[in-house]
Each structure stands twice: as structure tokens, then as C-alpha cells.
Amino acid sequence: MKIEVAEHGRMSESGSSLLRLIQNQDMPLLDLFVRESVQNSLDAAASDVEYVNVDMVTGTFKPAALNRHLEKIEDRLNRRYSSVSQNFIAVRDSNTIGLTGPVRYKDVRNNSFGNLLKLVYEICKPQSTEGAGGSWGLGKTIYFRLGIGLVLYYSRIRQNGKYQSRLVACLVEDETKKEALIPHAGGVKRGIAWWGKRDDLVAGSTIPVDNELEIVKILSIFGLSPYTQSETGTTIIIPYIDEKALLNEVYAINEPAESKPYWVGSIADYLNIALQRWYSPRLNNISYPYGAYLSASVNGTKVKISGMLSLFRYVRELYILATTGTLESESLIESAGISWFVESIDLRGVLSSTSSGKFAYAKFNRRQLQMEPPSNERSPYQQILNIAVQMEGGNGPIVMYTRRPGMIVGYDYDGTWTHRMPKSAPDEFILGLFVANSQNTLKSIVDPKTGSLMSLEEYIRQGEKADHASWSDRNIAGNNFRIISNIQKHVISKIKKKYSEPVRETFERQNTGLAHALADMLLPQSDFGTDASVPPNPNNGGRGQRPIHARKSTFRIFGNPQYSNGSVEYEFEIVMKGKPCILSLQVLTDFKRYQADSWEKEDEIGKPFPLEFKELTITHIRKAAEKSCVGYDCNILITGSARGGNNKDVSVEFLKSSRFSTLGYAHFVPSESGCIITGNLVFSFSDPALKGMCELKETDK
């Protein structure tokens, strides 16, 4: 194949910048690969098919056989890869339309580039189909990060009544590295090149190879077969992958070997689990409401419902419950005798109809999750995170969320979907799945692309980041409707209402015994605050108006603390006078007050501090310099894992103790004029016999 080296131009991306476009460092590359490649296949489903086939393929190939097809980098590749065989990974779909569209830019009409140009030759060209997965056009860069940056695209399409095959290769590399493969003739390097056949109509340009014999020869290098008869689809091949490096990213070498799950031992096993983890709602789901369902396989072996891990079978059935209200005939939930619930998440005043979606949830025990012999399946936390997670005081709920494409966007167990939810017993797990009502629309908000009311699906889609790993609210026409945050609050409320009472009963004796020991833990000393509270004013976020005449920043609490599962929650107010402040947890003894650092000193107690911040939520902010009590509501959530949050008026960060890294401090930095913030604070205690308090001090840092 002939080479075409991309020339540098104004506003053009370089190879090094393309490799950094998706800044997701939390999710393994193999998971990103499965999420992106399967979504591309599902988005390209043919209009008249019942399902889309996606086969993940792993194997080896002989480098010399491939390298001879890559003009001007063959010798460099042969020197670098002299071994007999190298590894590759591929994804092959069928029942899809393939890489359709023009092969030359001069043939583009009405700015419709087609699948081929958008996937192979362009960047930041997203899917425009309603309900499609991508809204950024950046996810495809994951292909270049799995190996050395070399990717082969093979597709068979039916266009103008005729079948046609296309094959093209692309290399994206860091052009600043000495070992860069792409030849350089001077000038500015870009680090991007394509291989195909020479374009007779455009000098120096290439187009995809369409010679069937040449395509078959290249596919045979990887043991792959061409599409035949009436088949159409796309195969993406990524050679020169480092299997060990990819698996080490999934499960680090310093993690305990005894807790290592079986699926991190090979690429094929991991792809099988990743397909279940992210696409269980659409996997073999004939009742999927928006078109073709997903039929997946790994190296030709189908991923069957009966062979799925029980957790992902339950996730799949929760999706079916949320979309149909009924279960399949051979339901695992039904056979295990599990009580399930489906509730509408209703939002008023912002949507054309009140329901933003359905929330399906249930509580499962170890036996129902097949965590006991003979199956011995791993805990739900390990199945979604690959590593074991130790939960204190019971297991926190796991909430998932998805929209029309049927991919699980995220698993939340300690974030904005689950904070302050009740924990279940150590041998029980609460699982919930929110399915967005994609057909609903926003009131009075017109989608500029369609000219009609914006759908809830499009609102959520545009609020996803390039890796589609989370949902967020945003301003539209100058308004923020807080649709996502309100959905999250309703989901939390459903779980708390359904499961709080059993949890309280479980820990009733412990909490009763703690009542007296903790009576003083959250009550500030008598000299805290400036004056007494007045009745709430509904216009200022639930706080009464009072003069702000204290010289220093102050801290006070409201109401009674709430005890649950070894933690305490209460409402607070901090008046900040413009200086940074440290809010520290303190233990009171008969002799002195201890902060985390003083407690943990070797010549003092010498053990980890028994109190630790877990969550801090800021719900309302008012500028301290303003006489009016009208402020604004906000939702800044800081957790032990996130550790920080901010907006234009204040930033907050949990700080660790120097010896045992205990989160015993919260650092507040206000705007220059200061502010009044109200919210909720949660911290844990490991010794109920101790008394504690919070103290606020101004600092210069």
C-alpha cells in the first residue's frame, strides 16, 4: 500500500495531541476500547436487522508479512519487531452498513462526510444520528492508544446497489519521539500517515484499497475472513499490542495475587467481562426498545446469557424491568426470589411529561449473587472495578445509569448518585439502574439541529464528556435546569425511603448505645457563633437573616446530628471573612483536645485518628459583603475519594494528616470578599467511646 503523510496546517491536530485527547486516566484502555468500538458498531446498525454482531478477536501474526504492505516504514518496523510473532486485537461487526460515503473530499455534499471519512480521515466529527452514542468524535482515538498507533480499517458496503470492499491503514504517533516511524522530509512533523492506493485524481493523496485479492491477502495475515455474499460490516485491526502492559493497567502488579480475578489473566477473558460490564442492558435483549440488540462474541464464541456473571445478568434484567415492566420467562431475579421495584423519577416544570426515566432496583444477598461455592463469584465492587473494595459498616449501594444506546455510562458507589444512601448488611448489596426517558422533551427549549423541542436524550448526550463516563448539567439558553442533579436526588430518595428502616434496625442497638457517648461530639463549645438563630427565611436557602458583625470567621451547626453505620451527619453554616480557614475534627479528652496530627504523633497516642471526614456538601452560598440575604443554591460535593470541589466563591479540599493520611481537616478558601456557606457534613468515627468536636480557624495558607 502507498503512503500519504499528513502535512501540518493551521488548526490541525498532531499525532501527539490526538493521543491525549481523551483524558480518562481512571478507566483501563481495554474498557475504553470495548465501550467505543461496540458503540460505533451499534450506531451503524442496518435499518432492517434484528441484531448487530460484534466479535472481539485476539491472536498473533508474523510482522514481516504485514510490514511489507506499509510503504516507507517496512524497514523500521522489521528492525523494531524481529520476533516470529506479535499480538493483535480486532473488532469485527456485521449487520451494519459499514464505512459508507465518499472516498474523496471533493465528493462531499452538504457537509455530509460519511462514515469512512469521519472515522479514518477526520477527527472531532461526531455521530449526527438521533440517539447515537458519540457527540464529540474523539472516542475513536482509543484505537491509536492500544498498540503503536497503527490501525487497519476494513469494510464492505452496499452502495448504489453494488457491494464494494475498502481497506485503509492509519498511523498516529508521537512525532516528538526519536523512534517515530513516519518518514520526515523536513519542515514541521505532524505524526499522522495513511496507506491505501494512489489517488489518480488528487496528486500525493491516497484512497482506500478496493482490490478484493489484495484485501484478502492482508486479512489472511491475521487469520481473518472477508465478508461474503450479502454481508456488510467493518473490521478494525490493531497490531503490535503489548498484552502484558494492557493487563497490568487493569490489575496492577503490586495488588494481592490472591484477590486477582480470573478475567485479568488474558485479553480474551477480559474482553468477555468488559462486554458484560458495559453492554449487559442490550446484550441478547430481544425486547430492547430502540432497534437492533447486541449479539457479541469473543474469538467466535458467543457471550450467552447463561454464561454471564450473575451481577451483569441482574443488571440486564433491571434494564428490562425499567423498559418493559416485566421479566423474561427464564429470569434469574424471579428464580432467586428477589423482590424488585421500578419507580418513575418525576421532574415537574422542566419536561413535557413528568417522567425523566425509570429507576429499577433491588437488594441481593451473597447467595443470590453466586458469591458462595461452587460459583465463588467476586463481589459486585470487584466485578465493576477489577480490584477488591473493602467497605466499612456495610455495603454501599451501586447505582448505574444509561440512555438510549443501552451502554452503562457509569457505576457509582461513592459519588453524586449514591452519597448519603443507607448501607446494607455486610452480606447484602443494593443495585439500582436508572434508564432515561429518551423520548421525553424539554419545555420551550428548541434543538437548533432539528428545529423542534430538544429531547431529554439529546440534553444528556451533549452533557456527556468525550469518554461518555458521566452525566452533567449545563446551561441552555441562559438557564440551568439541574435535570441530572434532580434525578440523582430522587434516586437517592427512593433508596433511602425503601431501605433506611431495615438498616436502622440492623444497627439499632449500636446507635442506642452511642447516643450518650456522641451527645457532645457535634455540639460546639459555648463560645462558637455570633448570636442566636432566627426563624428560617425561604428566600435565603433556609437560613434566617442576621447581622454579620463578627471580626473572624465563624462556624456553627443546626438541628440534631444523624447517626448511621458508624458515621455522623449534621447541617452547618460557616461565615468566612475573606481569609482561608481550616475546619479540623478534634477529640476531647480529660486532658486536652487532639487534632489528627497531634493524636497521631509517636509521643502522643501514636495511632490513626479515630475521626475522619467522609462527605461535605455545600447547598447554599451568599456573599458576606452583601446586605441582602438572597444567595444561590449549589451542589458542591466533596467525598473522601474526590477530596475537593469549588465554584466562583469558594473552594474546599479535604486534607490528610501527615503520618497516617487521615482526612481530619477541611480547607476552605473563599473569594476576596468572603461568603456565607451552608450545607451538610458527614464524618466517621472508629471509637464510639470518644467525644469530639469541630473547630474553625483562619489561616494564611
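The values are calculated or read from the model by the stated rules, or taken from the named source; none is laboratory data. Values in this document were obtained by computation on a predicted structure and should not be read as measured data. As a convention, Cβ positions derive from the backbone with ideal geometry for all residues, glycine included, and neighbour counts pool all protein chains shown. Only protein heavy atoms, including side chains, enter the accessible area calculation; ligands, DNA and RNA are left aside. Shrake-Rupley method; radii C 1.70, N 1.55, O 1.52, S 1.80 Å.
Just to confirm my numbers, what's the Cα centroid distance between the range 7-66 and the range 650-701 in Å? After rounding, the separation between the Cα centres reads 43 Å.
Once you have a ≥ b ≥ c as the square roots of the Cα gyration tensor eigenvalues for the range 68-116, tell me rounded if a/c is under 1.5, and otherwise prolate or oblate according to whether a/b is larger than b/c. List each step's numbers first, then the result.
Values: a/c = 5.18, a/b = 1.86, b/c = 2.78.
Verdict is oblate for the range 68-116.
Past the 20 Å Cα-Cα mark, which pairs from Lys423/Lys489; Lys140/Lys217; Lys489/Lys614; Lys656/Lys701; Lys607/Lys656; Lys197/Lys217? Flagged as over cut-off: Lys140/Lys217.
Helix 267-279 axis versus longest C-alpha principal axis of the chain: approximately 60°, rounded to the nearest ten. Once the C-beta distance of Gln382 and Gln159 is scaled by a Förster radius of 51 Å, the resulting FRET efficiency is 0.65 to the nearest 0.05.
Residues Lys552, Lys623 ordered from highest to lowest accessible area at a 1.4 Å probe: Lys552, Lys623.
Sorting the segments 230-241, 656-667, 334-345 by their residues' average number of neighbouring beta-carbon atoms within 10 angstrom, most packed first, yields 230-241, 656-667, 334-345. For the chain, the per residue solvent-accessible surface stands at 45 Å², with DNA, RNA and ligands left out and a 1.4 Å probe.
The candidates Val172, Val202, arranged from most to least accessible area with a 1.4 Å probe in the full protein assembly, appear as Val202, Val172. Shape analysis of the range 568-692 based on the Cα gyration tensor places the equivalent ellipsoid semi-axes at 29, 14, 13 Å, largest first. Take Val108: with every protein chain present and a 1.4 Å probe, its accessible area is about 30 Å². Distance from the Cα centroid of the range 341-355 to that of the range 157-217 is 50 Å (rounded to whole angstrom). Highest mean packing first, where packing is the average number of other Cβ atoms within 10 Å per residue, the peptides 672-680, 636-644 line up as 672-680, 636-644.
Once all protein chains are placed together, His184 keeps about 90 Å² accessible to a 1.4 angstrom probe. Our Cα-only numbers for the range 268-412 put the radius of gyration and Dmax at 15.8, 52 Å. Taking one quarter of the surface of the convex hull spanned by the alpha-carbon atoms of the range 191-245 gives a direction-averaged projected area of 6.2 nm². Once neighbouring chains are kept in place and the probe is 1.4 Å, which whole percent of the accessible area of the range 397-473 is contributed by carbon and sulfur? So the carbon and sulfur contribution to the accessible surface is 48 percent. Here the chain has an Rg and Dmax of 28.7, 90 Å, counting Cα atoms alone. The simple spin-label model puts a point 7 Å past each Cα toward its Cβ; for Asp48 and Leu690 those points are separated by 7.2 nm.
Taking 0.36 nm per residue of separation and subtracting the Cα-Cα distance, full extension of the segment from Phe660 to Ala642 would add 4.6 nm. Legend: residues Thr418, Thr60, Thr354, sorted from most to least accessible area (1.4 Å probe; ligands, DNA and RNA excluded), read Thr60, Thr354, Thr418. Take every Cα pair under 8 Å whose residues are at least 6 apart in sequence, average their separation, divide by the length of the chain, and the relative contact order is 10 percent.
For the range 166-248, the list of trypsin sites (Lys or Arg not before Pro) that fall in a loop by DSSP and count at most 12 other C-beta atoms within 10 angstrom reads Lys177, Lys178. Considering the zone a paramagnetic label at Lys304 would reach in this model (a point 7 Å from Cα along the Cα-to-Cβ line), which residues of the range 255-298 have amide N under 16 Å from it? Correct set: 284-285, 295-298. Compared with the alpha-carbon gap, the fully stretched path from Ser259 to Asp700 is longer by 154.2 nm at 0.36 nm per residue. Extension gain, Gln390 to Glu330, is 18.3 nm, computed as 0.36 nm per intervening residue step minus the present C-alpha separation.
Taking a ≥ b ≥ c as the square roots of the eigenvalues of the alpha carbon gyration tensor, the range 195-336 is oblate, as a/c is not under 1.5 and a/b does not beat b/c.
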